[in-house]
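These notes are about the structure you will find just below.
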Amino acid sequence: MAENPAYPVGLRLTGRKVVVLGGGQVAQRRLPTLIAAGADILLVSPEATPSVEAMADDGEITWERRPYADGDLADAWYALIATGDKEANARASAEAERNRVWCVRSDDADAATAWTPATGHSEGVTVAVLTTSARGRDPRHTAAIRDAVVEGLRDGTLVAPHHRTRTPGVALVGGGPGDPDLITVRGRRLLAEADVVIADRLGPRDLLAELPPHVEVIDAAKIPYGRFMAQEAINNALIEHAKQGKSVVRLKGGDPYVFGRGMEELQALAEAGIPCTVVPGISSSISVPGAAGIPVTHRGVAHEFTVVSGHVAPDDERSLVDWPSLAKLTGTLVILMGVDKIGKIAETLVAHGKSADTPVALIQEGTTAAQRRVDATLATVAETVRTEDVKPPAVIVIGEVVKVGPSPSA
């Protein structure tokens, strides 16, 4: 007769006693989920891994440093048996059976009364995958199924329609530096669920091609501005579509709050009573240098890095940057939106004490197939930009870290 399949169920363990026997790698993997479930956890084990010991030190679990003893499972709701002592495991399993405590055994699934599924999470949904019987169990196969489902939910390739009315609103999503794979999984999921996407020119354009046909895609650079300033027109477009009951994603390059005017848009939405979610993105100030082989910090070379907007020149009265102070810093200087002003910037830094030989790297179209790195010094960078025809968008890195990695021609 075929073995009956396991009956799947979700245990609500908040405030309920859970006993874990053994403080090794199995416990280290399982304990965080039990802690997140709010269980009152008793760990019984003579020893524990450093990570498990840290959980006890932080008060997340109670640790009794001794072997298992009969009676340890009294009043427990759930038990995880994971010691290296098979005889102790068998005695504990028998106690669980007598006391009707659901029990998982890491050494013998057939002797257990419960199995731990391969689990994953995505925005309030828990995915749990179980094989149908103990015999022939393949944990790698169940984990692979779990991973495929969770990844599909996260990146939007597996879309489950919402049968309850979604709350309309706006999500300000940082799309990262350009490579579509560098958007966050939450950002990608929100894109897949959007009705309207208002995209920046510097956002990851390849992601737009993956959107369902019903999604309205609006190029922010082509919104009719009329009598409005460009940013005000974008704000109005966000509000207009959200008020129509639509789910709107404002897709930006990099991070919404790093020279992305994200706060201006959030403030406008708040004034209009529109709910807004902010999804951080990978900033080009760190990721683009990294993609070009340049660490913005490095032991013994740079203990700090400063990110500066270069969209106005140092001698422009609108500039808020203290360039003389920046010239005195010994760390890394990262300049965004500064290609056409780099000559004046370099001149100002040198005039206030920065060595003219300070290395400079310009990374154009960073993280994309068109990425290009051009190296110079403060003394030569203005001429290099002209002769090499460096165009925006480009990230400029100034400092000794430019020379840390392998040569760009290597």
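Give me the residue from the range 51-99 that is of a type in the set (Val, Ile, Thr) and over 33 Å from the mean Cα position of the chain (by Cα) and, out of that set, surrounded by the fewest Cβ atoms within 10 Å (Cβ to Cβ).
The extreme case among them is THR83.
For the range 199-236, which residues satisfy the criterion of being surrounded by fewer than 18 Cβ atoms within 10 Å (Cβ to Cβ) and either of a type in the set (S, T, N, Q) or modelled with pLDDT of 95 or more (or both)?
GLN231, ASN236 - these are the residues of the range 199-236 that are surrounded by fewer than 18 Cβ atoms within 10 Å (Cβ to Cβ) and either of a type in the set (S, T, N, Q) or modelled with pLDDT of 95 or more (or both).
Residues in the range 307-321 that are in contact with a Phe, Trp or Tyr (Cβ under 7 Å, 6 or more places away or on another chain) and surrounded by 17 or more Cβ atoms within 10 Å (Cβ to Cβ): how many?
Selection size over the range 307-321: 1.
Has the range 235-252 got at least one residue that is free of Cβ contacts under 8 Å to residues at least 40 places away in the same chain, out of contact with any Ser or Thr (no Cβ under 7 Å at 6 or more places or on another chain) and of a type in the set (Gly, Ala, Ser)?
Checked the range 235-252: at least one residue is free of Cβ contacts under 8 Å to residues at least 40 places away in the same chain, out of contact with any Ser or Thr (no Cβ under 7 Å at 6 or more places or on another chain) and of a type in the set (Gly, Ala, Ser).
Out of curiosity, is ALA39 under 28 Å from the mean Cα position of the chain (by Cα), of a type in the set (Gly, Ala, Ser), surrounded by 18 or more Cβ atoms within 10 Å (Cβ to Cβ) and closer than 21 Å to GLY15 by Cβ?
yes
Consider only pairs whose beta carbons are under 8 Å apart and that are at least six residues apart or on different chains; among these, list those whose first residue lies in the range 161-185 and is modelled with pLDDT of 90 or more and whose second residue is surrounded by fewer than 16 Cβ atoms within 10 Å (Cβ to Cβ).
Close Cβ pairs satisfying both conditions: GLY169/PRO275; GLY169/THR277; VAL170/PRO275; VAL170/THR277; ALA171/THR277; LEU172/THR277; PRO180/ASP206.
When you scan the range 297-310, do you find a residue that is under 32 Å from the mean Cα position of the chain (by Cα) and either closer than 30 Å to GLY169 by Cβ or part of a helix (DSSP H, G or I) (or both), even just one?
yes
Residue by residue, here is whether (1) surrounded by 16 or more Cβ atoms within 10 Å (Cβ to Cβ); (2) farther than 26 Å from LEU182 by Cβ; (3) modelled with pLDDT of 95 or more; (4) assigned by TED's automatic domain parsing to the domain that holds PHE259 holds:
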position: LEU333; (1), (2), (3), (4): yes, no, yes, no
position: LEU336; (1), (2), (3), (4): yes, no, yes, no
position: LYS341; (1), (2), (3), (4): yes, yes, yes, no
position: GLY353; (1), (2), (3), (4): no, yes, yes, no
position: ILE363; (1), (2), (3), (4): yes, no, yes, no
position: THR380; (1), (2), (3), (4): no, yes, yes, no
position: ARG386; (1), (2), (3), (4): no, yes, yes, no
position: VAL395; (1), (2), (3), (4): yes, no, yes, no
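Would you mind stating whether GLY273 is assigned to a loop (DSSP other than H, G, I, E, B) and in the same structural domain as GLY203 (by TED's automatic domain parsing)?
Here the answer is yes, as GLY273 does meet what is asked.
Which of the residues spanning the range 14-28 are within 17 Å of ASP107 (Cα to Cα), of a type in the set (Val, Ile, Thr) and not in a helix (DSSP H, G or I)?
Within the range 14-28, VAL19, VAL20 qualify.
With the checklist (1) closer than 19 Å to ALA114 by Cα; (2) touching a strand residue (DSSP E or B) at 6+ places or on another chain (Cβ under 7 Å); (3) among the polar types (S, T, N, Q) in hand, flag the one item THR14 doesn't pass.
(2)
The values are calculated or read from the model by the stated rules, or taken from the named source; none is laboratory data. Just so you know, these numbers come straight off a predicted model, no measurement behind them. Don't worry about glycine lacking a Cβ; one is built from the backbone with ideal geometry, like all the others, and counts go over all protein chains shown.
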